[in-house]
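*Asks:* The structure under discussion is supplied below as structure tokens; questions concerning it will follow.
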Amino acid sequence: MHQRADTTTADEVPLDPLPPRRPRLRRGGPRTPLPLLLLIAVAAGIGIAYVSQEGHATSATYRAATLSARQQQLVVQDQQLGDDLARLESTERIVYSAQQLGMRPAGAWTYVQAKAVVVVPSPQPQGNADTGGDSAVRQLIAALSGSSGVPRGR
């Protein structure tokens, strides 16, 4: 520190005049006004939101490109499987495979006519107390097995 020696008289002018010192009350630089801090915070928030949105857009674009490439692969695979299915369903291949297994084509075609089968359940006696779902199940089983208790015509 520079201290001034007070060796001057009233007629003399001091050799290095120092201005009077003002006491410093706080440390640091000049104060930042509050609106400027708010402006900086808003700008930082907008910047972070922009970077976040750009990241999401880049990620979505990457996913779309990946899905598009996968779709193209699946289209090609579908075409290959369709070609394989058409080849496997061809009559010539089925006949050839049957001949390899020892089968021979029939000399003449034979058609079989199916007869319609109608099952009529037998009527329940009126005095039977067993009228629940159990008897219906028994009737169904009897009808399917062909032993419904109704005599068949010969």
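The values are calculated or read from the model by the stated rules, or taken from the named source; none is laboratory data. What you see is a predicted model; the values in this text were computed from it and never measured. Note: ideal-geometry Cβ built from the backbone for every residue, glycine included; neighbour counts use all protein chains shown.
*Asks:* Residues in region 103-124: is at least one within 52 Å of the chain's Cα centre (by Cα) and at pLDDT below 60?
*Replies:* No, region 103-124 contains no residue that is within 52 Å of the chain's Cα centre (by Cα) and at pLDDT below 60.
*Asks:* Within region 99-119, how many residues turn out to be exposed (fewer than 10 other Cβ atoms within 10 Å of the Cβ) and in a helix (DSSP H, G or I)? Please lay out each step first, then the result.
*Replies:* Going residue by residue through region 99-119, those that are exposed (fewer than 10 other Cβ atoms within 10 Å of the Cβ) are 100-102, 104-118.
Filter again for in a helix (DSSP H, G or I), leaving 100.
Residues meeting the conditions: 1.
*Asks:* Anything in region 87-98 that is in a helix (DSSP H, G or I) and surrounded by 10 or more Cβ atoms within 10 Å (Cβ to Cβ)? List them, or say none. Reasoning before the result, please.
*Replies:* Taking region 87-98 as the starting set, the residues that turn out to be in a helix (DSSP H, G or I) are 87-89, 91-98.
Selection gives R87, L88, R93, I94, V95, Y96, S97, A98.
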